[in-house]
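This report refers to the structure that appears directly beneath it.
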Amino acid sequence: MSGLFALAGNQNSGKTTLFNRLTGSNQHVGNFPGVTVEKKEGRIKGIKDAVLVDLPGIYSLSPYTSEEVVTRDFILKEHPTGIINIVDATNLERNLYLSLQLMELGIPMVIALNMMDEVRASGNVIHVELLSQKLGIPIVPISAGKNEGIGDLSEVVKKMMIEQKTLPKLDFCTGEVHRAIHSIAHIIDDQAKQAGYPLRFAATKMVEGDRPTMEALQIDENEEHIIEHIVEEMESRLHTDREAALADMRYGYIEALCNECVVKHQETHEQIR
Ligand code: GDP
Ligand code: MG
Ligand code: K
């Protein structure tokens with residue numbers, strides 16, 4: 001059995017530090033095909049035949065930068081065994097914005113919740129178990145900088161390799177956006193399947209008007225017209241544009257999630273008094 005794992009996360013989340021911890025000196029550097037984005041690969045220490053690819057640091061999966069395109073293409077075309085999504089726990093809401101998008105790709109995923117040393121020092125508390133339950137994926141608290149939790153993370157990665165479980169569907173999609181995604185999913189169902197795109201991800205990309213995905217799915221003029229109509233309808237009902245509608249929905253979900261799972265130092269203080 002062999003495994004291919006993708007390390008994805010925001011810039012400055014500790015990705016390079018974690019990559020080095022997981023692979024040791026066992027790494028080599030190249031480029032992703034066709035672009036000058038650096039591709040680092042290494043074997044994961046302590047796991048037989050598991051390769052880790054360090055994807056570029058990104059904040060979203062929209063194709064605005066070649067880093068974002070590289071990340072999408074790698075995950076959609078290479079079908080990795082799993083994604084290790086490194087999340088800066090001191091910046092949880094911002095980082096989870098990418099996590100939600102990665103989860104739409106339907107690839108098994110573990111969150112490596114990094115910088116936990118700083119969270120501890122701040123006096124904040126993150127209820128990791130609860131967060132993991134709500135998201136439906138494993139979360140391992142780590143401090144890559146202090147070399148803490150790396151063994152636990154390795155164990156989860158090893159398990160992902162053996163079990164090869166698919167990701168449970170996370171339903172954070174509500175209201176008008178949900179309606180639009182649902183209608184579009186209906187239209188592009190076959191094309192998404194043929195292109196090897198997860199339906200939910202593809203439908204969301206149609207709402208965003210994402211050209212590369214439209215081309216990959218070979219959306220014709222007629223279908224594009226229908227999709228545009230659905231999205232305009234959504235915009236007029238929400239009194240906002242498509243990008244804001246999606247961002248509002250994602251951040252709304254994340255905010256509620258963090259309200260439940262994170263206790264800020266000051267709040268603990270107030271409870272005690
Ligand atoms: P990247 O941009 O995601 O590759 O992040 P780096 O690995 O370069 O790390 C960014 C900064 O965060 C560096 O100064 C690291 O030393 C620091 N860092 C990484 N992991 C941790 C951690 O667990 N705790 C703390 N306090 N700092 C960390
Ligand atoms: Mg780096
Ligand atoms: K830091």
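No value in this document is a laboratory result; all are computed from the given coordinates. Here the structure is a predicted model, which is why all the values come from computation and not from measurement. As a convention, Cβ positions derive from the backbone with ideal geometry for all residues, glycine included, and neighbour counts pool all protein chains shown.
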Completion exercise
Taking the dipole of the stretch 204-273 about the Cα centre (Lys, Arg +1; Asp, Glu -1; charges at Cβ), the one of ALA216, CYS258, SER236 that reaches farthest to the positive side is CYS258
Handout entry: Alpha carbon convex hull of the chain, projected area averaged over orientations, nm²
Key = 15.5
Problem - For the stretch 1-144, diffusion coefficient by Stokes-Einstein and Kirkwood Rh (Cα), 37 °C, 0.692 mPa s, µm²/s - result: 213
Problem - Share of Cα-Cα pairs in the stretch 77-176 lying beyond 15 Å, as whole percent - result: 63
Practice task
Please state the charge dipole magnitude for the stretch 1-120, taken about the Cα centre, from unit charges on C-beta atoms (+1 on K and R, -1 on D and E), reported in debye and rounded to the nearest 20.
Solution key: 340
Exercise for the section: Please sort by residue number the trypsin sites (Lys or Arg not before Pro) in the stretch 1-86 whose DSSP state is loop and whose Cβ has at most 12 other Cβ atoms within 10 Å. Expected result: LYS48
Problem - Estimated dipole of the chain in Debye, rounded to 20 [Cβ of Lys and Arg +1, of Asp and Glu -1, Cα centre] - result: 1340
Handout entry: Förster radius 30 Å - calculated FRET efficiency between TYR251 and GLU155 (Cβ-Cβ, nearest 0.05)
Key = 0.40
Fill in the blank from the handout: Which of LYS39/LYS146; LYS165/LYS193; LYS39/LYS134 exceed 27 Å between C-alpha atoms? The answer is LYS39/LYS134
Handout entry: Estimated inter-spin distance, HIS229 and LEU170, nm [label 7 Å along Cα→Cβ]
Key = 3.4
Practice task
Give me the distance in nm between label points sitting 7 Å out from Cα along the Cα-to-Cβ direction at ASP190 and THR36, one decimal.
Solution key: 4.4
Problem - For the stretch 157-273, size of Cβ-based charge dipole, Lys and Arg +1, Asp and Glu -1, in debye - result: 920
Practice task
Enumerate the calculated ³J(HN,Hα) couplings along the stretch 163-171 in order (Karplus 6.51 cos²θ - 1.76 cosθ + 1.60, θ = phi - 60°), each rounded to whole Hz, writing x wherever the residue is Gly or Pro.
Solution key: 7, 6, 6, 8, 7, x, 6, 9, 9
Exercise for the section: Return the calculated 222 nm mean residue ellipticity for the chain, to the nearest 500 deg cm²/dmol, obtained by summing -39500 (n - 2.57) across DSSP H runs with n ≥ 4 and dividing by the residue count. Expected result: -16500 deg cm²/dmol
Handout entry: Span per principal axis, largest first, for the Cα atoms of the stretch 55-104 (Å)
Key = 31, 25, 17
Completion exercise
Along the dipole axis of the chain (charges at Cβ: +1 for Lys and Arg, -1 for Asp and Glu; origin at the Cα centre), the most positive-end residue among PHE201, PRO141, MET109 is PRO141
Exercise for the section: Please report the relative contact order for the stretch 40-120, taking Cα pairs under 8 Å with a sequence separation of at least 6, and give it as a percent rounded to a whole number. Expected result: 26
